[in-house]
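Let me begin by presenting the structure, written as structure tokens, before commenting on it.
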Ligand SMILES: Nc1ncnc2c1ncn2[C@@H]1O[C@H](COP(=O)(O)OP(=O)(O)OP(=O)(O)O)[C@@H](O)[C@H]1O
Ligand SMILES: [Mg+2]
């Protein structure tokens, strides 16, 4: 597996002592039933520390997106439990889950999912407006400066580069101060330079703003921006790595056969 992303400079100590922001407790997920059943997760227990940047890696089909969707309340578990902060989300009604996702969770996907008719600023503020909350202007300004979008706020998505669009999506996730941001292949559609920008920003939001981020990626260099990498194979957590570098991640992936 190769990567063209620039390596991150240095690395801060991992805040491993912080209590978990989100926990999966013996989570299993089965899609379908009978002969057609797919066991996407088979008893996953893992916690994600507050204020830490964690990457989830593993071969295609190993359950990375499924785990993320279960952690974020986008999908229900078949067995086990998920806790987000003090909330036990297993067994919540659809309405409760909708509110939880709206108020406590941020998402960044491979496709940027911006609204084309809104400016960058309007896109960033949309989730707060939808939840009837007021934007904290000072916080908005800080987020905009960290993502480096100050001079692009009045642009519409089609007037922005891919990297800039993804930074808008990151700012949109961050501005609502969610307990956790879940990112599934956030750099999957970006070239190496734009990818490095977005990863640098995600890491800065963890370091400078205390944000908690869980990111799925295939890229060892992208994973090396994280404090910790959790490896999945066949729906099970098989390994983890603290303070990863591109080389140590690659070695670990090779030893997993991924
Ligand atoms: N909605 C679904 N219905 C049936 N099977 C599913 C569904 N979603 C995922 N699966 C299956 O569950 C397994 C895990 O899928 P998942 O999307 O979590 O993998 P992944 O690790 O994210 O892979 P990739 O790296 O390709 O994105 C796969 O075998 C997949 O085919
Ligand atoms: Mg996936």
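The values are calculated or read from the model by the stated rules, or taken from the named source; none is laboratory data. Note that the structure is a prediction, hence the values are computed from the model and not measured. When we count neighbours, we look across all protein chains shown, and the Cβ atoms used for this are built from the backbone with ideal geometry, even at glycine.
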| Residue list for region 111-127, filter: in contact (Cβ under 8 Å) with a residue 40 or more places away in the chain, surrounded by fewer than 16 Cβ atoms within 10 Å (Cβ to Cβ) and more than 18 Å from residue 190 (Cα to Cα) | 115, 116
| query | Residue check: is residue 189 within 16 Å of ligand 1 (Cβ to nearest atom) and either closer than 15 Å to residue 114 by Cα or in a helix (DSSP H, G or I) (or both)? | reply | yes
| remark: Over region 186-209, the set of residues surrounded by fewer than 22 Cβ atoms within 10 Å (Cβ to Cβ) and within 16 Å of ligand 2 (Cβ to nearest atom) is 188, 189
| query | If you go through region 162-185 one residue at a time, do you hit one that is surrounded by 24 or more Cβ atoms within 10 Å (Cβ to Cβ), within 16 Å of ligand 1 (Cβ to nearest atom), within 13 Å of the chain's Cα centre (by Cα) and closer than 19 Å to residue 213 by Cα? | reply | yes
| Only one residue in 221, 216 is in contact with a helix residue (DSSP H, G or I) (Cβ under 9 Å, 6 or more places away or on another chain), surrounded by 20 or more Cβ atoms within 10 Å (Cβ to Cβ) and more than 27 Å from residue 73 (Cα to Cα), so which one is that? | 221
| task | For residues that are part of a loop (DSSP other than H, G, I, E, B) and surrounded by 16 or more Cβ atoms within 10 Å (Cβ to Cβ), scanning just region 33-58, find the one that is nearest to ligand 2 (Cβ to nearest atom). | result | 58
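One line per residue, one yes/no per condition, for (1) in a helix (DSSP H, G or I); (2) in contact with a helix residue (DSSP H, G or I) (Cβ under 8 Å, 6 or more places away or on another chain):
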{"site": "202", "(1), (2)": "yes, yes"}
{"site": "205", "(1), (2)": "yes, yes"}
{"site": "211", "(1), (2)": "no, yes"}
{"site": "225", "(1), (2)": "no, yes"}
{"site": "231", "(1), (2)": "no, yes"}
{"site": "241", "(1), (2)": "no, yes"}
{"site": "248", "(1), (2)": "yes, no"}
| task | Look at region 64-98 and say how many of its residues are farther than 30 Å from residue 145 by Cβ and in a helix (DSSP H, G or I). | result | 11
| task | For region 23-58, enumerate the residues that are out of contact with any strand residue (DSSP E or B) (no Cβ under 9 Å at 6 or more places or on another chain) and near ligand 1 (Cβ under 9 Å from one of its atoms). | result | 36
| field | Residue identified as within 16 Å of ligand 1 (Cβ to nearest atom) and in contact (Cβ under 8 Å) with a residue 40 or more places away in the chain among 250, 256, 242, 202 | value | 256
| task | Out of the residues in region 59-96 that are crowded, with 18+ Cβ neighbours inside 10 Å and away from ligand 1 (no atom under 16 Å from the Cβ), state the one that is nearest to residue 253 (Cα to Cα). | result | 84
| query | Can you find even one residue in region 210-219 that is at pLDDT 95 or above and more than 16 Å from ligand 1 (Cβ to nearest atom)? | reply | yes
| field | Among residues of region 7-32, those that are at pLDDT below 95 and within 16 Å of ligand 2 (Cβ to nearest atom), counted | value | 0
| query | If you check 133, 152, which single one turns out to be over 27 Å from residue 232 (Cβ atoms), at pLDDT below 90 and more than 22 Å from the chain's Cα centre (by Cα)? | reply | 133
